[in-house]
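Scroll down for the structure; my scribbles are underneath it.
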């Protein structure tokens, strides 16, 4: 009964805010909230990016990096692409500062920003087996589990992949045990 009451209350509150409050004159803003909202929409038209890539760049997280002779080192992996060549340092050992944007839900590709040329360069992770379907949060958990197992902060993508596989196996076994115990 209480769940029904809360749901009904929220529905009534929503109706009151939208139908009554939003259309009631307020002295402080010298209009109704609805009119103020409409006025703001007219003055500040929302401009959406023209492409899917534009949306990704708008919503992406940004991280600084050093561009090495073999690519961008990030998340314990190396990312590279032939298009990155103009940004690579000429000598080994001398990194070039830069930054990249990435989708935290998918670490398979980064977008390195080349401010001089005004373009972004997509770079792909070399070890795609580890990074396929991996989010930033999952990567953090894998690194933490690897550190817990080995005591080492730095790990190769091969080591991280092995830790990720072990974690998935443990989760799968735990889920199977839960199903078995609830069935019997």
For a quick check of your reading of the model, give me the residue pairs whose first member lies in the stretch 92-108 and is farther than 25 Å from residue 137 by Cα, whose second is surrounded by 15 or more Cβ atoms within 10 Å (Cβ to Cβ), with beta-carbon atoms closer than 7 Å and at least 6 apart or on different chains.
95/67; 95/68; 96/67; 96/87
Tabulated pairs, the stretch 31-51, first in contact (Cβ under 8 Å) with a residue 12 or more places away in the chain, second surrounded by 14 or more Cβ atoms within 10 Å (Cβ to Cβ), C-beta under 6 angstrom, 6+ apart or interchain
33/22; 34/22
Within the stretch 112-123, does at least one residue satisfy the condition of being surrounded by 15 or more Cβ atoms within 10 Å (Cβ to Cβ), closer than 23 Å to residue 156 by Cα and at pLDDT 90 or above?
yes
Among (1) closer than 23 Å to residue 62 by Cα; (2) in a helix (DSSP H, G or I), where does residue 149 come up short?
(1)
Subset of the stretch 147-184, residues at pLDDT 85 or above and in contact with a strand residue (DSSP E or B) (Cβ under 9 Å, 6 or more places away or on another chain), comes to 160
(1) surrounded by 15 or more Cβ atoms within 10 Å (Cβ to Cβ); (2) in a loop (DSSP other than H, G, I, E, B) all hold for residue 109 apart from (2)
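Inspect all residues belonging to the stretch 95-106 and state whether any of them is farther than 21 Å from residue 55 by Cβ, modelled with pLDDT of 85 or more, touching a strand residue (DSSP E or B) at 6+ places or on another chain (Cβ under 9 Å) and in a strand (DSSP E or B).
Among the residues of the stretch 95-106, at least one is farther than 21 Å from residue 55 by Cβ, modelled with pLDDT of 85 or more, touching a strand residue (DSSP E or B) at 6+ places or on another chain (Cβ under 9 Å) and in a strand (DSSP E or B), which makes the answer yes.
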Candidate set: the stretch 49-61, residues that are surrounded by 12 or more Cβ atoms within 10 Å (Cβ to Cβ) and in contact with a strand residue (DSSP E or B) (Cβ under 7 Å, 6 or more places away or on another chain); chosen: the one nearest to residue 140 (Cα to Cα)
60
Quick one: in the stretch 62-84, of everything that is touching a strand residue (DSSP E or B) at 6+ places or on another chain (Cβ under 9 Å) and loosely packed, with under 13 Cβ neighbours inside 10 Å, which residue is farthest from residue 132 (Cα to Cα)?
64
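The values are calculated or read from the model by the stated rules, or taken from the named source; none is laboratory data. Worth saying up front: this structure is predicted, and the values here are computed from it rather than measured. Glycine gets a Cβ as well: all are built from the backbone with ideal geometry, and neighbour counts include every protein chain shown.
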